[in-house]
Amino acid sequence: MFPSKIENKSIQKLRQNYIIILEPVSRNFYNIFFVGLLFFRLFSCIIWDMDKKTLQQILNREAAMIWDSLCEMHPRLAKFDCPQIRLNGRLWRTAGKCYQEDNFIELGTKFFASPKNRDTMLNVILPHEIIHQADFDLFGLSEKNCGHGVQWQKIMIQYGLEPNPHHTMEIKR
Ligand SMILES: [Zn+2]
């Protein structure tokens with residue numbers, strides 16, 4: 001009987017300790033919940049910031065590689081710099097935009113949220129936009145307002161992509 005008494009006592013003590021811990025926890029449940037939420041948001045912001053930095057590095061590297069292979073196909077391009085890649089968090093319908101006269105490309109940050117769209121962004125949209133720049137550097141303004149003229153289409157095919165001006169990715173606003 002002796003050991004079980006000790007057990008009982010220790011269980012009682014344990015209970016008391018639980019009460020000491022649990023009571024303030026339940027009393028302050030909402031405070032703790034909201035502080036937790038605040039920390040979660042803060043950390044997710046920090047992680048997203050790091051992600052954006054990594055994403056920017058990946059984009060710069062990919063863009064340089066695409067530009068290199070375009071320069072091999074069209075040696076005249078070597079005189080021009082690879083366009084700068086910028087992320088834009090406000091784009092949601094347009095996945096990418098090429099500002100040919102200023103030599104930079106904007107890509108919609110939101111499109112990188114899903115792995116499937118990320119692949120499309122890197123393998124289709126990024127070369128698509130860079131080829132707009134190459135087309136402009138090599139042949140000047142396109143005969144088509146949208147920029148998807150004959151020369152753009154030719155470079156797209158040379159690069160190994162379908163000269164399709166539209167993407168099929170869908171994202172929430
Ligand atoms: Zn286009």
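Given the stretch 114-173, what whole percent of its Cα pairs are spread farther than 19 Å? Tail of the P(r) past 19 Å holds 31 percent of the pairs.
Each of Thr54, Thr120 has some number of other Cβ atoms within 10 Å of its Cβ, and from fewest to most they run Thr54, Thr120. With 0.36 nm allotted per residue and the present C-alpha distance subtracted, the Lys53-Asn123 stretch has 23.3 nm of extension available.
P(r) tail, the stretch 49-173: Cα-Cα pairs separated by more than 18 Å, 49% of all pairs.
For the peptides 29-41, 159-171, residues were scored by their other Cβ atoms within 10 Å and the scores averaged per peptide; the highest-first order is 159-171, 29-41.
Sorting Ile157, Ile105 by the number of Cβ atoms found within 10 Å of their own Cβ, with the fewest placed first, yields Ile157, Ile105. Each residue of the stretch 75-90 is assigned a 3J(HN,Hα), and the resulting list reads x, 4, 5, 4, 5, 9, 7, 4, x, 6, 9, 10, 9, 10, x, 8 Hz, derived from the Karplus form 6.51 cos²θ - 1.76 cosθ + 1.60 (θ = phi - 60°), x at Gly and Pro. Stretching Arg76 away from Asn164 to a fully extended chain increases their span by 29.2 nm, per 0.36 nm per residue minus the current alpha-carbon distance.
Taking other C-beta atoms within 10 Å as the exposure proxy, Lys97, Lys13 rank Lys13, Lys97 from fewest upward.
Take the Cβ-Cβ distance between Val35 and Thr94 as r, set R0 to 45 Å, and report the resulting FRET efficiency rounded to the nearest 0.05. Between Val35 and Thr94 the formula returns 0.70.
Read-outs throughout are calculated quantities, based only on the coordinates presented, and are distinct from any laboratory measurement. Remember, it's a predicted structure, so these values are computed and weren't measured experimentally. No Cβ is skipped: glycine too gets one built from the backbone with ideal geometry, and neighbour counts run over all protein chains shown.
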